[in-house]
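Q: The structure under discussion is supplied below as structure tokens; questions concerning it will follow.
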Amino acid sequence: MSRLNLTLFGTPRIEIDGQAVHIARRKATALLAYLAVTRQRHSRDALATLLWPEKGQSSARAELRRGLYFINKALGDHWLAADMETIGMNPELNTSSGAALWLDVIEFQQQLKACEKHKHSATETCSDCLPYLETAVDLYTDHFMAGFSLPDCPAYDEWQFFQAEELRGQLASAQLRLSSFYSSASMQDFETAIRYARRWLALDPLHEPAHQHLMALYVSAGQKAAALRQYEVCRQ
């Protein structure tokens, strides 16, 4: 079975069966990412307007066709499903097509969603949640499509921004749940709790609640000097 790995935490990276693949056009890469993340079919007109807003409809649709050509040239023609009016990822992927798509963003969200099956509120954490939360946090190596932008496509940049914000919020929640679990009265593993809190801050150094949480952990662990240093970092 052929396998397409699409990594969107950080600069987009594409692999087929473990081999790196480069798509010649930046907007073709953007198109592939959009189709993979949204997981639905879109009209050609909507995609053309999204990625080539400065062009007329006829020219924009021609550019879209060229984008599809570069995707199919780099990946093969069985990953996308396109007709005269709509385009999406092949709905038979991961089923009977002999090809599988793995997307780190979707895997991240599925790991978090697995915790919802446990019999507690969404803000609580049980021991069964840990492997899912830890796997999700490990997948989040950088912010969504960090370093990738299309300055001439404001609608696409807006979509990318809100996707990044949603994922950042989900990461913050997962980091907080892990840190709180390990620092709970039953665990008191402050070293692990602090490690997760520091990883949270490393990805979002301007997030004041994360600073506050880390300071509280240092105090609970008896590291008052570290708490004061963290306060100074936050203040600066």
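Q: Report relative contact order for the range 145-233 in percent, whole number only (criteria: Cα-Cα under 8 Å, sequence separation at least 6). If you can, show how the numbers build up before the last one.
A: On the way: 63 pairs, mean separation 15.2, N = 89.
Rounded, it is 17 percent for the range 145-233.
Q: Roughly how many Å is it from the Cα centre of the range 97-119 to that of the range 151-183, as a whole number?
A: Distance between centres, Cα-based: 16 Å.
Q: For the chain, with all protein chains present and a 1.4 Å probe, just round the carbon and sulfur fraction of the accessible area to a whole percent.
A: On the way: 6410 of 12470 Å².
Carbon-and-sulfur percentage of accessible area, whole number: 51.
Q: Output the Cα-based Rg and Dmax of the range 102-236 in Å, rounding Rg to one decimal and Dmax to a whole number.
A: Gyration radius and largest Cα-Cα distance of the range 102-236: 16.3, 53 Å.
Q: Using the beta-carbon distance between A81 and A216 and R0 = 45 Å, what value does 1/(1 + (r/R0)^6) give for FRET efficiency, to the nearest 0.05? Intermediate values should be presented prior to the final figure.
A: Values: r = 50 Å, r/R0 = 1.12.
So the FRET efficiency works out to roughly 0.35.
Q: Still on this structure: At q = 0.14, 0.19, 0.21 Å⁻¹, what is the log10 ratio I(q)/I(0) for the range 1-154, with the Debye formula run over Cα points and no solvent?
A: -0.76, -1.19, -1.35
Q: Another question, if that's okay. Per residue, what volume in Å³ does the Cα convex hull of the range 23-107 take up? Write down the numbers at each step before the final one.
A: Numbers: hull volume 7.7 nm³, N = 85.
Each residue corresponds to 91 Å³ of Cα convex hull volume.
Q: Which trypsin sites (Lys or Arg not before Pro) in the range 83-189 sit in a loop by DSSP (not H, G, I, E or B) and have at most 12 other Cβ atoms within 10 Å of their own Cβ? Kindly include the intermediate steps, with their values, before the conclusion.
A: Details: sites: K113, K117, K119, R168, R177; in loops: K119.
Taking the range 83-189 and a limit of 12 other Cβ atoms within 10 Å, the loop trypsin sites (Lys or Arg not before Pro) found are K119.
Q: Find the accessible area per residue for the chain; the probe is 1.4 Å, ligands and nucleic acids are left out, and the unit is Å². Working shown, then result.
A: Values: 12470 Å² over 236 residues.
Result: 53 Å² of accessible area for each residue.
Q: So which GluC sites (Glu not before Pro) in the range 78-125 end up in coil per DSSP with only 16 or fewer other C-beta atoms within 10 Å? Display every interim value, and only then the final one.
A: On the way: sites: E85, E92, E107, E116, E124; in loops: E85, E92, E124.
Passing sites in the range 78-125 are E85, E92, E124.
Q: Just to be sure I understand: with springs between alpha-carbon atoms less than 10 Å apart, which residue in Q110, Q160, Q19 has the highest mean-square fluctuation in the Gaussian network model of the chain?
A: Q19
Q: What is the spread of the Cα atoms of the range 67-123 along each of their three principal axes, largest first, in whole Å?
A: On the principal axes, the range 67-123 reaches 48, 23, 19 Å in Cα extent.
Q: Check cross-link reach from K27 to the lysines: straight Cα distance under 29 Å, and skip same-chain residues fewer than eight apart.
A: List returned: K55, K73.
Q: Mind checking the angle between helix 57-75 and the chain's longest principal axis? C-alpha axes, 0 to 90 degrees, to the nearest 10.
A: Compared with the principal axis, the helix lies near 70 degrees.
Q: To continue, here is another question. What does the extension gain come out to for S58 and S127, with contour length at 0.36 nm per residue minus their alpha carbon separation?
A: Numbers: separation 69, 0.36 × 69 = 24.84 nm, distance 5.60 nm.
Separation in residues times 0.36 nm, less the Cα-Cα distance, equals 19.2 nm.
Q: Which one, W102, L51, M89, projects farthest toward the positive side of the charge dipole computed for the chain from Cβ point charges (K/R +1, D/E -1)?
A: Checking the options against the dipole of the chain, the answer is L51.
Q: Suppose every Lys and Arg Cβ carries +1 and every Asp and Glu Cβ carries -1, with no other charges. What dipole size does the chain come out with about its Cα centre, to the nearest 20 debye? The partial results should precede the final answer.
A: Numbers: 24 positive and 27 negative charges, 51 e Å.
Dipole about the Cα centre, nearest 20: 240 debye.
Q: Still on this structure, please answer the following. Among A164, G67, C126, pick out the residue whose Cα is farthest towards the positive end of the charge dipole of the range 20-172, where Lys and Arg carry +1 and Asp and Glu carry -1 on C-beta, about the Cα centre.
A: So the residue furthest toward the plus end is G67.
Q: What's the angle, to the nearest 10 degrees (0 to 90), between helix 154-182's Cα axis and the longest principal axis of the chain?
A: Here the helix axis deviates by roughly 30 degrees.
Q: Another question, then. Suppose every Lys and Arg Cβ carries +1 and every Asp and Glu Cβ carries -1, with no other charges. What dipole size does the range 162-215 come out with about its Cα centre, to the nearest 20 debye?
A: Numbers: 5 positive and 6 negative charges, 25 e Å.
Roughly 120 debye for the range 162-215.
Q: What is the calculated FRET efficiency for E107 to L228, with r their C-beta to C-beta distance and R₀ = 45 Å, to the nearest 0.05?
A: On the way: r = 39 Å, r/R0 = 0.87.
In this case the efficiency is close to 0.70.
Q: How much length is gained if the chain between Q170 and L139 is pulled fully straight, taking 0.36 nm per residue apart and subtracting their Cα-Cα distance, in nm to one decimal?
A: On the way: separation 31, 0.36 × 31 = 11.16 nm, distance 1.23 nm.
Gain in length upon complete extension: 9.9 nm.
Q: As I understand it, the value is the acute angle between the Cα axis of helix 190-203 and the longest principal axis of the Cα atoms of the chain; what does it come to in degrees, rounded to 10?
A: Rounded to the nearest ten degrees, it is 40.
Q: Using a simple charge model, +1 on the beta-carbon of Lys and Arg, -1 on the beta-carbon of Asp and Glu, nothing else, what dipole does the range 13-141 show about its Cα centre, in debye to the nearest 20? Could you put the intermediate results ahead of the total?
A: Details: 15 positive and 16 negative charges, 130 e Å.
Dipole magnitude for the range 13-141 comes out near 620 debye.
The values are calculated or read from the model by the stated rules, or taken from the named source; none is laboratory data. Remember, predicted model here, so these are calculated numbers, not experimental data. FYI the Cβ positions are ideal-geometry reconstructions off the backbone, even for glycines, and counts take in every protein chain you see. For accessibility, only protein heavy atoms count, side chains too; no ligands or nucleic acids. Shrake-Rupley method; radii C 1.70, N 1.55, O 1.52, S 1.80 Å.
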